[in-house]
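Written out below as structure tokens is the structure these notes cover.
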């Protein structure tokens, strides 16, 4: 699919990201433009979450640079929304679906003030955008994994971000929720948001994304899916986990 | 029965005790919900033990009037220290807390043991003396209660987000350590307010039990907050009344602070029991 691309939203310029002295991820170089969905793919421990954290300004860039909306990552946070994996959150926490979505408005509301009518309406609209408006009053933990992931996406949508970062949103998610997530993400990009999503699903990266960043401790490719997801680069990135299947086929064994 | 609940409190010293206990019950109930959501029961326990030497030193330096300032100094140090420990994720937080709480507590006991009235003083510091609270104590508790209201109302949404999704809060640009410092300071202040009335040991029960009971009764944060606050007040009142009636009517001396705690625990046990019965009944009905 080819569509007009917007201005650069995230620019990686030979970025190396390190925890302490050990480099977690080296030489990431590429651009995510407004209106694009870019998939982060690579084996477990490849540094996908690390790269997301670097864009959020939560881990330092050791050399090179990461630029978000023409600023340093930590300075762009108000326009960047983050969707964590739903199963990292306590399902027993006494908070309703509506309350979770409303959290996306907190930064806009500001300190010391309660969310107002505008915020509640934005939250309700965001929840409707992921098709869960009928679950607003339920406790967050009562929803299925896929539905919780959709609620977290709704929270991000409520923040009306220019950049959206999602950490493995499709892991263990049923087909209905996957479609709902993808639909809502496409709506965001249609309105000009840049979206980065880490995933193990190469098929989804190929079909639904405008770009792919292939990682395993360093970058193995960054560009259109057809250019990056080739047997050669996949074999290089996945190493022993890649199994040959004849001509153009290749399967990846998850460890 | 009704008379038991109201009559004793016409005596001025019991009326003061009632005001202090109910105020403290409400304060602990509300702040306890924060403790529950952040799973800070152990940290709260550590703060209560850390405050102990402050209480002792305060008392040694300037008698009864020195207790609250002494506790306050220690509480502020403890809250800051524990926030810092949690922020540097390298040390094992549990172990560090355990070492600090025993060390501080030991210092407190050593200091008290040098006193001639060792046992009596130790008991008072650990379990409080609610029947001897004066107007100053009530004012201290009221000031802490107002502060707690300001923090919980003003920063409620940020504290909620931080408790529910710390990574998300950090990604949104909130300074987690600053929020935690505010929360820990609040807990420390509650411990200071409770020192005279229920002592440093029993305050942990007043913080944890009403919130835990309320959590059993509801999934809704607003309801949990209201029920915990209400239960804290009710437990304080009932506990005082029971303690007084037992000693006046039956000649059984029940320590007031401990009776309050036992009433709260009884509420928790009743609710747990009720829920077990309901679960069994629903299963049988199927």
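The values are calculated or read from the model by the stated rules, or taken from the named source; none is laboratory data. Since the model is a prediction, treat every value here as computed from it, not as a measurement. Glycine also receives a Cβ, built like all others from the backbone with ideal geometry; neighbour counts cover every protein chain displayed.
Checked against the criterion of being within 13 Å of chain B (Cβ to nearest Cβ), buried (at least 23 other Cβ atoms within 10 Å of the Cβ) and either within 21 Å of residue A:224 (Cα to Cα) or without any contact (Cβ under 8 Å) to a residue 60 or more places away in the chain (or both), the candidates A:81, A:54, A:74 yield just one match: A:54.
Residues that are modelled with pLDDT of 95 or more and more than 14 Å from chain A (Cβ to nearest Cβ) number at least 3 in the following helices (runs of 4 or more DSSP H) confined to the stretch B:134-238: B:135-154, B:176-217. Would you call residue B:80 more than 23 Å from residue B:202 (Cβ to Cβ), part of a helix (DSSP H, G or I) and at pLDDT 90 or above? So residue B:80 passes the test. Against the conditions (1) within 30 Å of residue A:82 (Cα to Cα); (2) touching a residue at least 24 places away in the same chain (Cβ under 8 Å); (3) away from chain A (no Cβ under 11 Å), residue B:88 satisfies every one except (2). Comparison of B:21, B:86 shows that the only residue that is surrounded by 18 or more Cβ atoms within 10 Å (Cβ to Cβ) and more than 19 Å from residue B:129 (Cβ to Cβ) is B:86. Checked against (1) more than 15 Å from the chain's Cα centre (by Cα); (2) surrounded by fewer than 17 Cβ atoms within 10 Å (Cβ to Cβ); (3) at pLDDT 90 or above; (4) closer than 30 Å to residue B:176 by Cα, residue B:42 passes all but a single condition, namely (1).
Can you pull out the residues in the stretch A:86-99 that are at the interface with chain B (Cβ under 10 Å from one of its Cβ atoms) and either at pLDDT below 95 or more than 20 Å from the chain's Cα centre (by Cα) (or both)? Matches in the stretch A:86-99: A:88, A:90, A:92, A:93, A:94, A:95, A:96, A:99.
Of all residues in the stretch B:142-155, those being touching a helix residue (DSSP H, G or I) at 6+ places or on another chain (Cβ under 7 Å) and closer than 15 Å to residue B:185 by Cα number 7. For the stretch A:128-141, taking the residues that are part of a helix (DSSP H, G or I) and farther than 26 Å from residue B:152 by Cβ, the one that is nearest to the other protein chains (Cβ to nearest Cβ) is identified as A:135.
Screening the stretch A:100-114 for residues that are facing another protein chain (nearest Cβ under 7 Å) and either touching a residue at least 12 places away in the same chain (Cβ under 8 Å) or crowded, with 17+ Cβ neighbours inside 10 Å (or both) and picking the one that is nearest to residue A:147 (Cα to Cα) gives A:103.
Would you say residue A:25 is within 14 Å of chain B (Cβ to nearest Cβ) and either in contact with a helix residue (DSSP H, G or I) (Cβ under 6 Å, 6 or more places away or on another chain) or within 22 Å of residue A:185 (Cβ to Cβ) (or both)? No; evaluated as a whole, the condition is false for this residue.
Out of B:253, B:220, one residue alone is more than 20 Å from residue B:35 (Cα to Cα) and without any contact (Cβ under 8 Å) to a residue 60 or more places away in the chain. It is B:253. Restricting the stretch A:142-171 to residues that are touching a residue at least 60 places away in the same chain (Cβ under 8 Å) and in a loop (DSSP other than H, G, I, E, B), which is nearest to residue B:167 (Cα to Cα)? By that ranking, first place goes to A:167. Residue A:187 meets the conditions (1) in a helix (DSSP H, G or I); (2) crowded, with 17+ Cβ neighbours inside 10 Å in every case but one. The failed one is (2).
Using the structure shown, decide if residue B:248 is farther than 30 Å from residue B:120 by Cα and more than 20 Å from the chain's Cα centre (by Cα). Against the criterion (farther than 30 Å from residue B:120 by Cα and more than 20 Å from the chain's Cα centre (by Cα)), residue B:248 does not qualify.
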